[in-house]
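First the structure, in the form of structure tokens, and then the observations on it.
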Amino acid sequence: MPRALCLLLCFSSLAFAQVNRSSQASSPSSAVEVFYVVDVSTLTTYNIDPQTFEPTAVGTTAMPRSKYPSIVMSPDGQFLYYLANVSVESQKLYVYDTDAMGVPGSTPVQTTSPGHISNLLVNPAGTFLYSVAVGPPSQQEITQFAIVRNVIDSTTGKLSRPATEATYQLDTQPSGNDCSLSIVGFNPAGTIMYDAILCNSPHASGSLTYNERSVDLQTGALGPDQEIYGFGYYAGSGYANVQIEGNVLFAFDSFDNQGPNANIVDVFQLPNVTAPAVNCTESMWALCGDFGHALAHPSGSYVFLEGSSSSTDIGQVNLEAQQIVEVNSLPFGVQMFSPDGTIAYGTTSAFGEIHVAGFNIANAQVTPGGTISLTRIDDYWSAAERY
């Protein structure tokens with residue numbers, strides 16, 4: 001796997017996955033809040049109490065063994081898609097049906113061998129599953145990346161009729177401009193897909209390009225790429241962490257060669273990408289100039305920024321006033337949200353457990369919850385909702 005692809009996948013598993021969930025973030029949810037932990041070959045399903053935010057284990061499922069598993073859910077949480085590594089260049093994709101508590105069945109309803117793929121995402125309507133297929137490199141280290149669409153059976157969740165909707169020829173030479181492709185997500189209506197191309201040279205120079213494509217809701221066909229955000233850096237001088245929630249694009253930009261407090265948080269109201277609606281520097285909010293891990297909330301109304309400690313400060317985004325104002329904090333590093341944004345999950349420097357807290361979108365109040373113990377620090381975990 002190319003170096004850049006590994007970096008982008010690690011990033012997208014936490015950040016990009018949030019984009020597809022934002023359509024449910026603006027209204028109270030009647031869904032069962034579900035949290036999955038995969039420990040080598042055992043998936044444990046937890047339900048989170050929506051009042052106390054205490055987790056309860058409700059079932060375990062033996063899963064195919066995988067060092068780097070990945071889970072993607074259908075929007076209603078009924079179907080679970082589990083990608084497991086078979087070899088360095090090949091995976092198996094398993095489709096599971098889940099019960100009312102989100103627990104997957106003991107056996108998959110379908111098993112496919114899609115080759116070397118990554119970045120699975122289901123569109124907001126739950127009708128198509130998209131993935132990035134990675135072809136073997138040529139002698140010149142040029143690799144074909146493709147966005148592949150599968151049709152989802154609404155009754156069983158099974159996949160059929162895979163079709164290549166877009167292709168890219170990218171340099172993947174480790175000593176050159178090592179590039180990779182990622183699907184970022186969709187707008188709430190599902191009519192636009194966002195993708196990203198990351199390129200990184202041996203001297204830590206490179207570029208990140210974020211694009212949008214139109215999506216045909218009936219066929220799943222994609223239109224041509226149109227760039228919406230770009231970021232270049234030289235000699236490890238910076239990085240852009242771009243997330244899209246609803247119709248709001250967040251660019252968490254780091255500039256390591258410009259001294260302390262040089263980071264910025266730019267917020268764009270899509271489709272306008274010519275100028276940020278909010279340009280947050282250290283003069284507006286000190287943490288905008290010196291953040292570590294950063295997450296945009298699924299509502300598109302808050303940013304969660306982690307500073308030098310393992311705590312997270314919460315800033316409210318006001319597009320009309322063109323500012324971000326600190327409104328609350330959490331005593332752990334937030335890594336993930338529930339699909340509706342009412343629950344935050346994260347870790348502290350001690351690792352070994354996941355902290356759970358409730359988040360009130362209307363007033364930014366937080367409610368401390370329980371914890372989930374991990375067997376290994378590299379256990380895979382994912383949040384979902386079951387309707």
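Laboratory data are not the source of any read-out in this text; all were calculated from the coordinates shown. If you're wondering where the values come from, they're calculated on a predicted model, not measured in any experiment. Positions of Cβ are backbone-derived with ideal geometry, glycine not excepted, and every protein chain shown enters the neighbour counts.
Key figures
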quantity: Inverse mean reciprocal Cα-Cα distance (Kirkwood Rh) of the range 142-282, Å; calculated: 16.8
quantity: ³J(HN,Hα), Karplus 6.51/-1.76/1.60, whole Hz, each residue of the range 340-348, x for Gly, Pro; calculated: 8, x, 8, 9, 10, 10, x, 9, 10
quantity: Formal net charge of residues neighbouring residue 78 (Cβ-Cβ distance under 12 Å; K, R +1; D, E -1); calculated: -4
quantity: Percent breakdown of C-alpha pair distances by 10 Å bin, ordered from the shortest bin, for the chain; calculated: 5, 24, 34, 27, 9, 0
quantity: Spacing of the two label points (7 Å from each Cα toward its C-beta) at residue 155 and residue 92, in nm; calculated: 2.6
quantity: Calculated FRET value between residue 329 and residue 262, using beta carbons and R₀ = 35 Å, to 0.05; calculated: 0.95
quantity: For residue 385, residues with placed amide H under 5 Å, excluding near neighbours; calculated: 34
quantity: Summed side-chain charge close to residue 369 - residues other than residue 369 whose Cβ falls under 15 Å, Lys, Arg +1, Asp, Glu -1; calculated: -4
quantity: Point-to-point label distance, residue 309-residue 371, nm (Cα→Cβ direction, 7 Å offset); calculated: 1.7
quantity: Along each principal axis, Cα extent of the range 221-285, largest first, Å; calculated: 44, 28, 18
quantity: Residue-span extension gain [residue 65 to residue 321] - 0.36 nm each, minus C-alpha spacing; calculated: 87.1 nm
quantity: Label-point gap, in nm, between residue 353 and residue 56 - each point 7 angstrom along Cα→Cβ; calculated: 2.0
quantity: The range 220-306, dipole about Cα centre (Lys/Arg Cβ +1, Asp/Glu Cβ -1), debye to the nearest 20; calculated: 120
quantity: Local electrostatic count, residue 290, Cβ distance below 12 Å [Lys/Arg +1, Asp/Glu -1]; calculated: -4
quantity: Relative packing of 124-132, 298-306, which averages over residues the other C-beta atoms within 10 Å, highest first; calculated: 298-306, 124-132
